[in-house]
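Peer 1: Next up is a structure, given as structure tokens.
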Amino acid sequence: MGCKMEEIIRILREKVSADPFKRFDYDALRDIVISGGTAPEKVDETIFELEQKGYVYSSNGFYRVVRETTKKGMLDVTHRGTLFIMDGEKKRHVDSANLKGALPNDIVLYDVADDEVKILKILKRNNPNVVCEVLQKDNGKYKLDPKKVRGSLNINISQDVLAKLGAGSYVLVKLDKDMKYGMFDGEVVKPIVLNGKIDKDLAMVAFSNGFDTEFSPASINEVKALPNSVLPEEIEERKENDFRDELIFTIDGADTKDMDDAVSLKILPNGNYELGVHIANVSHYLRKCPHLLKEAKERSTSLYMLNTVIPMLPPKLSDWLCSLNPNVDRLAKSVIMEIDSEGNVVNSRICDSVINSKKKMTYDDVNSILEDGVVPEGYEPFKDTLKKMNKLSKIIGAKKYDNGEVNFCSSETSVEVDQEGKAAKISTRTSLSAEKLIERFMILANETVASYVDMMDLPFVYRVHEGPNPIKLKEALKIINTLGFNIPEGKILRSPRLIKDILEKVKDSDEFPLLSNLLLVSMSRAKYSKENLGHFALASNAYTHFTSPIRRFPDTMVHFLLDYYNDVALGNKTLDYETLKKIEASLAEACEYASLRERQANRAEYQASRRKIMDYMRTLEGQSFEAVINMIDRKEVSVTTDNGITGTIPFRDVLGDSFFFHENNYMLIGRHTKRKYKIGNRVLVTVKGVNEFEEKVLFTLDKNISRAYAESKEFNGGKKLRKKYNN
């Protein structure tokens, strides 16, 4: 920082020392900048630099000096809609009243006073588009009503523009980041046409999270110009890796249309396995579609909401030309791995190939073979190969476990919708042999590709996971110990890999889902990075996303990088120092953007599911369910029912007494009855209603049934496992 800038900052801080809330108009700030040694013609440039470096910020035409307590961060949001900012290792919740127009994922300046976060200024909007409905007031004037937005958000748009759109219209509005007299200038990006192709609620969720339901005409025209099948000359180019006669097939959900991956297996003469993971070669087609390439990068991911998919690529590519459909030739990128009997990859190669999948298999059918020994019709020629694959899957799983892979509870809530788009059934689904087989094969392929590039020390897109947050992990272990598990906190904090042992020893107990979730939320969030930081949960030294290029743009970037480095190796392209630096800079930006879009997609998918769950639970008001308490804090109890529905219970709705929170033991205690509720208790709850704005299902807590439940379980297996672990 130059001497002039230091002097300007000194003068500014001196001016506000007596009055921390002092503000300056442009002329006053101009005088200070000049008195600090800046030439008059450089004033605007210097003021811009002061703003960019975070020393001052503008508000309603005035400038304020950033206080020493002011910090910069990103406003984030949990799946359940809680807004927060990560302040170092501490998660600070942000009240809706203190947002000052900020939206999730915005970069903001904020202050913390008495543990309350107040946003001062929006520095950058990462998702500036907001879904709004045009309303007409009683006086005839129009206004915009923002949808799915927390806090107050007033948008300034010309009355003429709103009148042309008309009352009742939905529009996508781009917001400015600067508030002017309590309002944000807005620009209509496009009218939202709800044409019935997508459920109205789901369309609103998609647009609110930055996902367009339609592709641009330019992209569609590019795709139309592509051939409908693989061309003879494309097969000729890949004749050295023509795998069309090999036994290759896909395993996916029954309704899957965009099939990225296929697998094959051989037993080599030396007894080793040769596993082939064959991935759709999306980059081959995107290279011919520059408009679509740009649009796919902006979308970054497909959005899966219940029975609806908003794809990253148009259907001709996602469901047909790139999808590894059965009995048609398809271009692929294949990872061929030789694996020994202990699960080590002893040899591997990555190549452009052509394949012809012999069958579209489903998880349910494959599980029928591997779990039940029942072979569905049409699977007879594949039975032996599937059993060998399952054996290899278990070998790979055992090796990953020995290396420290953390196996969290894999069940997830599934919402089935009827033809009218309403939730018809809510249940939990657990990964079985077929799901684990595909997951392990894909992880191994991702590791193999990442290790290949990492050894060459070239810029790349890594999928990284830095492990547990020490503060969150300490809190999780404190809660776990209140459940009766004698876990040495200091030992785990020094060696987080021991988390794996905790989960392994309780995996067959009733407490496994609860403990798994407590430890899972203590983990850092996985993200994309140009730096290889390893993947804690998978115990991988190098990991990437390579296996889903139809639905994830980072995978497509990996394919493009492999193509580029292959051309360099063949002498078709050069790679100098300047080019390396440009690639690194572009990858840093691309990884940050892809991580952001992933969070937006996850949020949208949760919102869509949650919306249907709330509609479903509204019809069950007054009905009772068995549930488990998974958290108690200062305000409410959180529970999960046996079919996976999460809900909350304010203390006032815990029946039978007036309860207070015992913070050290995360326990509720009745003031008169001394009745206790703690995390892990099995309870009886009754649906009270829903809070649509906060996306919460509300219950009353009726009764603690933990003792009755334990006595009804044969052998009382949960307590046995607890004793075993404590010993």
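Yes or no, residue by residue, for (1) crowded, with 16+ Cβ neighbours inside 10 Å; (2) in a strand (DSSP E or B):
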| position | (1), (2) |
| --- | --- |
| Met614 | yes, no |
| Met617 | yes, no |
| Ala627 | yes, yes |
| Asn630 | yes, yes |
| Arg634 | no, no |
| Val637 | yes, yes |
| Asn643 | no, no |
| Ile649 | yes, yes |
| Arg652 | no, no |
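Yes or no, residue by residue, for (1) within 18 Å of the chain's Cα centre (by Cα); (2) open to solvent by less than 10 Å² (accessible area, probe 1.4 Å):
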| position | (1), (2) |
| --- | --- |
| Ile502 | no, yes |
| Lys505 | no, no |
| Asp510 | no, no |
| Pro513 | no, no |
| Ser516 | no, yes |
| Lys527 | yes, no |
| Phe553 | yes, no |
| His559 | no, yes |
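A quick yes/no check of all residues on (1) in contact with a strand residue (DSSP E or B) (Cβ under 9 Å, 6 or more places away or on another chain); (2) under 17 Å from Lys394 (Cα atoms); (3) open to solvent by 50 Å² or more (accessible area, probe 1.4 Å):
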{"site": "Cys409", "(1), (2), (3)": "no, no, no"}
{"site": "Glu412", "(1), (2), (3)": "yes, no, yes"}
{"site": "Glu416", "(1), (2), (3)": "yes, no, yes"}
{"site": "Glu420", "(1), (2), (3)": "no, no, yes"}
{"site": "Ala423", "(1), (2), (3)": "yes, no, no"}
{"site": "Thr428", "(1), (2), (3)": "yes, no, yes"}
{"site": "Phe441", "(1), (2), (3)": "yes, yes, no"}
{"site": "Met455", "(1), (2), (3)": "no, no, yes"}
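Peer 1: Taking the stated definitions as given, is Leu324 in contact with a His (Cβ under 8 Å, 6 or more places away or on another chain), closer than 26 Å to Leu392 by Cα and in a loop (DSSP other than H, G, I, E, B)?
Peer 2: The answer is yes for Leu324.
Peer 1: Still on this model: Please work out which residue is most open to solvent (accessible area, probe 1.4 Å), limiting yourself to the stretch 166-200 and to residues that are touching a residue at least 12 places away in the same chain (Cβ under 8 Å) and among the basic types (Lys, Arg).
Peer 2: Lys197
Peer 1: Output the qualifying pairs, or none if there are none: Cβ atoms under 7 angstrom, residues six or more apart or on different chains, first residue in the stretch 137-158 and over 16 Å from Asn209 (Cβ atoms) and open to solvent by less than 50 Å² (accessible area, probe 1.4 Å), second residue outside any strand (DSSP E or B) and at pLDDT below 90.
Peer 2: Close Cβ pairs satisfying both conditions: Gly151/Ser96; Gly151/Ala97.
Peer 1: For Leu29, work out the one condition from (1) buried (at least 18 other Cβ atoms within 10 Å of the Cβ); (2) under 36 Å from the mean Cα position of the chain (by Cα); (3) not acidic (Asp, Glu) it doesn't fulfil.
Peer 2: (2)
Peer 1: Another question about this same structure. Just give me the residues in the stretch 541-594 being basic (Lys, Arg) and touching a residue at least 40 places away in the same chain (Cβ under 8 Å), in sequence order.
Peer 2: Arg551, Arg552
Peer 1: Which residue, of Glu338, Glu405, is open to solvent by less than 60 Å² (accessible area, probe 1.4 Å) and assigned to a strand (DSSP E or B)? Steps first, please.
Peer 2: Details: Glu405 fails: assigned to a strand (DSSP E or B).
That would be Glu338, the only listed residue that is open to solvent by less than 60 Å² (accessible area, probe 1.4 Å) and assigned to a strand (DSSP E or B).
Peer 1: Considering the stretch 667-713 alone, what residues qualify as being in a loop (DSSP other than H, G, I, E, B) and closer than 30 Å to Arg611 by Cα?
Peer 2: Passing the criteria: Ile679, Gly680, Asn681, Glu692, Phe693, Glu694, Glu695, Ile705.
Peer 1: Looking at (1) without any contact (Cβ under 8 Å) to a residue 60 or more places away in the chain; (2) in a strand (DSSP E or B), can you tell me which one Val130 breaks?
Peer 2: (1)
Peer 1: Go through the stretch 103-127 residue by residue and tally those that are without any contact (Cβ under 8 Å) to a residue 40 or more places away in the chain and open to solvent by less than 20 Å² (accessible area, probe 1.4 Å). Please lay out each step first, then the result.
Peer 2: Kept after step one, since they are without any contact (Cβ under 8 Å) to a residue 40 or more places away in the chain, are these residues of the stretch 103-127: 107-108, 114-118.
Still in the list and also open to solvent by less than 20 Å² (accessible area, probe 1.4 Å): 108, 117.
Summing the residues that are without any contact (Cβ under 8 Å) to a residue 40 or more places away in the chain and open to solvent by less than 20 Å² (accessible area, probe 1.4 Å) in the stretch 103-127 gives 2.
Peer 1: Would you mention how many residues in the stretch 384-394 are open to solvent by 30 Å² or more (accessible area, probe 1.4 Å) and touching a strand residue (DSSP E or B) at 6+ places or on another chain (Cβ under 8 Å)?
Peer 2: Count: 1.
Peer 1: Could I ask something else about it? Which one is farthest from the chain's Cα centre (by Cα), of the residues in the stretch 361-383 that are in contact (Cβ under 8 Å) with a residue 40 or more places away in the chain and open to solvent by less than 20 Å² (accessible area, probe 1.4 Å)?
Peer 2: The selected residue is Phe382.
Peer 1: Also, quick follow-up: Restricting attention to the stretch 38-58, which residues are of a type outside the set (D, E, K, R) and surrounded by 15 or more Cβ atoms within 10 Å (Cβ to Cβ)?
Peer 2: First pass over the stretch 38-58, keeping only residues of a type outside the set (D, E, K, R): 38-40, 43, 46-48, 50, 52, 54-58.
Passing the criteria: Thr38, Val43, Thr46, Ile47, Leu50, Tyr55, Val56, Tyr57, Ser58.
Peer 1: While we're on this one: Quick one: how many residues across the stretch 634-647 are under 24 Å from the mean Cα position of the chain (by Cα), of a type outside the set (A, V, I, L, M, F, W, C) and farther than 15 Å from Asp702 by Cβ? Please lay out each step first, then the result.
Peer 2: Here is the first cut: in the stretch 634-647, the residues under 24 Å from the mean Cα position of the chain (by Cα) are 638-641, 643-647.
If we keep only those that are of a type outside the set (A, V, I, L, M, F, W, C) too, we end up with 638, 640-641, 643-644, 646-647.
The next check asks that each one be farther than 15 Å from Asp702 by Cβ; those that pass are 638, 640, 643-644, 646.
Of the residues in the stretch 634-647, 5 are under 24 Å from the mean Cα position of the chain (by Cα), of a type outside the set (A, V, I, L, M, F, W, C) and farther than 15 Å from Asp702 by Cβ.
Peer 1: Please enumerate the residues belonging to the stretch 456-483 that are at pLDDT 95 or above and β-branched (Val, Ile, Thr).
Peer 2: Once the filter is applied, which keeps residues that are at pLDDT 95 or above and β-branched (Val, Ile, Thr), the stretch 456-483 yields Val461, Val464.
Peer 1: Then there is this: Exactly one of these conditions fails for Ile248: (1) touching a helix residue (DSSP H, G or I) at 6+ places or on another chain (Cβ under 9 Å); (2) modelled with pLDDT of 95 or more; (3) over 30 Å from Lys148 (Cβ atoms). Give me its number.
Peer 2: The failed condition is (1).
Peer 1: Can you tell me which residues in the stretch 133-189 are of a type in the set (D, E, K, R) and not in a strand (DSSP E or B)?
Peer 2: Lys137, Asp138, Lys141, Lys147, Lys148, Arg150, Asp160, Lys164, listed by residue number.
Peer 1: Of everything in the stretch 695-705 that's touching a Lys or Arg at 6+ places or on another chain (Cβ under 8 Å) and not aromatic (Phe, Trp, Tyr), which residue is surrounded by the fewest Cβ atoms within 10 Å (Cβ to Cβ)?
Peer 2: Ile705
Peer 1: Looking at (1) open to solvent by 40 Å² or more (accessible area, probe 1.4 Å); (2) touching a residue at least 12 places away in the same chain (Cβ under 8 Å); (3) more than 26 Å from the chain's Cα centre (by Cα), which is the only condition Ser495 fails?
Peer 2: Against the list (1) open to solvent by 40 Å² or more (accessible area, probe 1.4 Å); (2) touching a residue at least 12 places away in the same chain (Cβ under 8 Å); (3) more than 26 Å from the chain's Cα centre (by Cα), Ser495 comes up short only on (2).
The values are calculated or read from the model by the stated rules, or taken from the named source; none is laboratory data. Since we're looking at a predicted model, the values are computed, not measured. For neighbour counting, all protein chains shown are included, and Cβ atoms are generated from backbone atoms with ideal geometry for every residue, glycine included. These accessible areas exclude ligands, DNA and RNA; they are computed on the full protein's heavy atoms, side chains included. Shrake-Rupley method; radii C 1.70, N 1.55, O 1.52, S 1.80 Å.
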